[in-house]
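The values are calculated or read from the model by the stated rules, or taken from the named source; none is laboratory data. Not measured: the values here are computed from a predicted model. Every residue, glycine as well, gets a Cβ built from its backbone with ideal geometry; the counts of neighbours run over all protein chains shown. Keep in mind that these areas ignore ligands, DNA and RNA; they rest on the heavy atoms of the full protein, side chains included. Shrake-Rupley method; radii C 1.70, N 1.55, O 1.52, S 1.80 Å.
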Amino acid sequence: MGAAGQLRRRTRARSPPGPRPEAAAAAGDEDDVKCEACGSGEAAPELMLCDGCDRGFHIFCLRPILPRVPAGDWFCPSCCSPASSKSESAAAAAHTVVGKKPKQFPLVQTKIVDFFKIQRSPTPADASAELKKRKRKSGGTLVASKKKSRRLLSFIPSSDPAQRLRQMASLATALTATGAAFSNELTYQPGMAPRSANRAALEAGGMQVLNREDAETLARCQRMMARGEWPPLLVAYDPVEGFTVEADRPIRDLTIITEYVGDVDFLRNREHDDGDSMMTLLSAASPARSLVICPDRRSNIARFINGINNHTPEGRKKQNVKCVRFDVGGECRVLLVANRDISKGERLYYDYNGSEHEYPTHHFV
């Protein structure tokens, strides 16, 4: 099975949070603690206090939602502001509180091209060859193609260059608001796992191999993005869900949405990490060799596709994207793929648990 979930062995929650002794004495009663976002003191086990200012916040009132109470110190967005003296790691763990709409990235072509490091436009000959290849591979009806073989499809960019700029600007807005740089590939940083550690052969039970035709489709998607032919996706800010991704045109079943990317690290280095978006990359037979993807510093649009509440039938019905891990040229890669036809304007959701069902999602939509 190639489905991948979020980090399975995450940090253990602390005891139900409450004011520290000195704060409790000043407050008189720890039951007086209320969430700064919703004003309620209910759901005490999920109401945590900022280690800087002692203000309370529900984990489900933060955006993005925290899946559980962090094991270590936690600082609210105010204490992690640029004027604060808190550490960079604390700032990276901060989350946007409901109601704070991010500043829009300027819709200026030169700024967007620079932000995403877009390459030159393809020559007419390149574009013509690409179009012919796409038509040749997609011949026949969708039903007939499915019966023959379930091959992955490349996304179809919006034909309007101005609309593609708006799509890229929406992602730039989200990345800038979360303090992340754009990356469309796995990155290997000093002090983390080296690229040599990413070996699909180490996967416990083996990993499915991306066949040649699907690998070519993935490479084609990457080439299109590199030259600014963007997937038809928009990142929007929702006051309840935080950043969320919407289809900007119809997307067919089995279309490659994006690759899940970020810094690669050993799972053992992230056992107590409070990041809410770490993704399993390699689940090795030897736990010391297991790898995760950490998209907090470098990431793409996958970072903002939200999870479903898989504890309810209504939540599961929302899923329209699946997460699959593949052996691509001997390395582990994680792809997000449409698991049904997606309509324009529909929000994208996938199951953070994959097949493991160990990640708490009861506060997700």
**Request:** Could you run through region 169-193 and say how many residues are touching a Phe, Trp or Tyr at 6+ places or on another chain (Cβ under 6 Å) and exposed (fewer than 13 other Cβ atoms within 10 Å of the Cβ)?
**Result:** 0
**Prompt:** Of the residues that sit in region 241-250 and are touching a strand residue (DSSP E or B) at 6+ places or on another chain (Cβ under 8 Å) and open to solvent by 10 Å² or more (accessible area, probe 1.4 Å), which one is farthest from residue 62 (Cα to Cα)?
**Reply:** 250
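Please go through region 48-62 and give me each residue that is touching a strand residue (DSSP E or B) at 6+ places or on another chain (Cβ under 9 Å) and small (Gly, Ala, Ser), ordered by number. Please lay out each step first, then the result.
Residues of region 48-62 that are touching a strand residue (DSSP E or B) at 6+ places or on another chain (Cβ under 9 Å), as a first pass: 48-50, 55-59, 61-62.
Passing the criteria: only 56.
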**Complete:** Picking from 303, 297, 333, the residue that is open to solvent by 30 Å² or more (accessible area, probe 1.4 Å) and either of a type in the set (Val, Ile, Thr) or at pLDDT 95 or above (or both) would be 333
**Item:** Check on residue 108, over 21 Å from residue 278 (Cα atoms) and either assigned by the TED database to the domain that holds residue 300 or at pLDDT 85 or above (or both)
**Value:** yes
